[in-house]
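What follows draws every value from the coordinates through simple rules; no lab data is involved. What you see is a predicted model, and the numbers here were worked out from it, not measured in a lab. In this analysis, Cβ positions are derived from the backbone assuming ideal geometry, glycine residues included, and neighbour counts consider all displayed protein chains.
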Amino acid sequence: MKLYGYFRSTAAYRVRIALALKGIEVEQVRIHLVKDGGQQLKPDYLTRNPQGLVPALELDDGTILTQSLAIIDYLEAVAPEPRLVPQDPTAAAKVRAVALTIACDIHPLNNLRVLNYLKGPLGHRQEEVDQWYRHWILKGGLEAVEQMIEGGPFCFGDNLSLADICLIPQVFNARRYKIDISHLRKIEAIERHCTELPAFKAAHPAQQPDAE
Ligand SMILES: N[C@@H](CCC(=O)N[C@@H](CS)C(=O)NCC(=O)O)C(=O)O
């Protein structure tokens with residue numbers, strides 16, 4: 001299998017964590033999101049993902065899967081251990097609610113193409129773009145997630161789940177943009193715990209072959 005991604009992509013980072021947890025090895029293909037005006041927008045890559053976004057997972061038979069959560073669902077189906085979504089329907093819905101809050105409500109507002117559009121065509125100053133980022137990552141974003149999770153050592157007690165897989169990359173991104181999250185005590189504790197685990201370490205952007 002080939003994972004098309006970029007070291008700093010939080011969506012690709014989610015998939016890398018899931019792959020590492022399940023012990024699945026893939027070839028990584030770098031799609032540089034900035035160089036050459038964004039390799040994700042080149043015709044060759046658009047044939048793989050018409051959205052022009054990473055990640056995409058190419059299976060050995062050539063099938064391409066896109067959308068990080070759909071890819072993780074696929075991995076969960078073909079390699080069920082360790083479980084990333086609990087069997088209990090209520091627990092599963094809570095895990096998915098956190099994952100979807102991050103993947104559908106926080107991340108899209110702060111994606112590279114959105115920030116570039118604010119700055120480029122709409123002409124906003126960098127301080128305004130930074131304010132946008134800070135606002136959406138915290139308000140109704142990570143501040144809500146802090147209320148939705150139980151906490152320690154993972155989002156939902158002792159069970160590592162899809163919620164942690166989505167949370168840790170988003171926190172990495174918040175730190176990259178120097179967002180103060182010191183008031184989010186549960187999230188900070190989960191970050192401290194998860195980032196020490198081998199699968200999270202292996203998936204970290206700094207450990208990727210294309211890290212800069
Ligand atoms: N919902 C998608 C989001 C994918 C996504 O937005 N990827 C970002 C990197 S984290 C990207 O490729 N951005 C390129 C751009 O904004 O031009 C998923 O979960 O896979």
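Given the structure, is TYR45 within 16 Å of the ligand (Cβ to nearest atom), closer than 27 Å to ASN159 by Cβ, of a type in the set (Phe, Trp, Tyr) and assigned to a helix (DSSP H, G or I)? Taking the combined requirement at face value, the residue does not satisfy it.
The single condition from (1) touching a Cys at 6+ places or on another chain (Cβ under 7 Å); (2) of a type in the set (A, V, I, L, M); (3) not in a helix (DSSP H, G or I) that LEU65 fails is (1). Scan the range 28-35 and tell me whether some residue there is in contact with a helix residue (DSSP H, G or I) (Cβ under 7 Å, 6 or more places away or on another chain), closer than 27 Å to TYR117 by Cβ and more than 8 Å from the ligand (Cβ to nearest atom). Yes, because at least one residue in the range 28-35 is in contact with a helix residue (DSSP H, G or I) (Cβ under 7 Å, 6 or more places away or on another chain), closer than 27 Å to TYR117 by Cβ and more than 8 Å from the ligand (Cβ to nearest atom). State which residue is farthest from HIS107 (Cα to Cα) when the search covers only the range 58-82 and only residues that are touching a helix residue (DSSP H, G or I) at 6+ places or on another chain (Cβ under 6 Å) and within 11 Å of the ligand (Cβ to nearest atom). In this case the residue turns out to be LEU65. In the range 190-199, is there at least one residue being closer than 23 Å to GLU27 by Cβ and either touching a residue at least 60 places away in the same chain (Cβ under 8 Å) or within 15 Å of the chain's Cα centre (by Cα) (or both)? Yes, the conditions are met somewhere in the range 190-199.
Given the criterion away from the ligand (no atom under 11 Å from the Cβ) and surrounded by 15 or more Cβ atoms within 10 Å (Cβ to Cβ), identify the matching residue among THR101, THR90. Steps first, please.
On the way: THR90 fails: surrounded by 15 or more Cβ atoms within 10 Å (Cβ to Cβ).
The match here is THR101.
Counting only residues that are closer than 18 Å to LYS22 by Cα and loosely packed, with under 13 Cβ neighbours inside 10 Å, how many does the range 60-82 have?
Keep residues of the range 60-82 that are closer than 18 Å to LYS22 by Cα, which gives 60, 65, 68-82.
When the remaining residues are screened for being loosely packed, with under 13 Cβ neighbours inside 10 Å, the result is 60, 70, 77-78, 80-81.
The total comes to 6.
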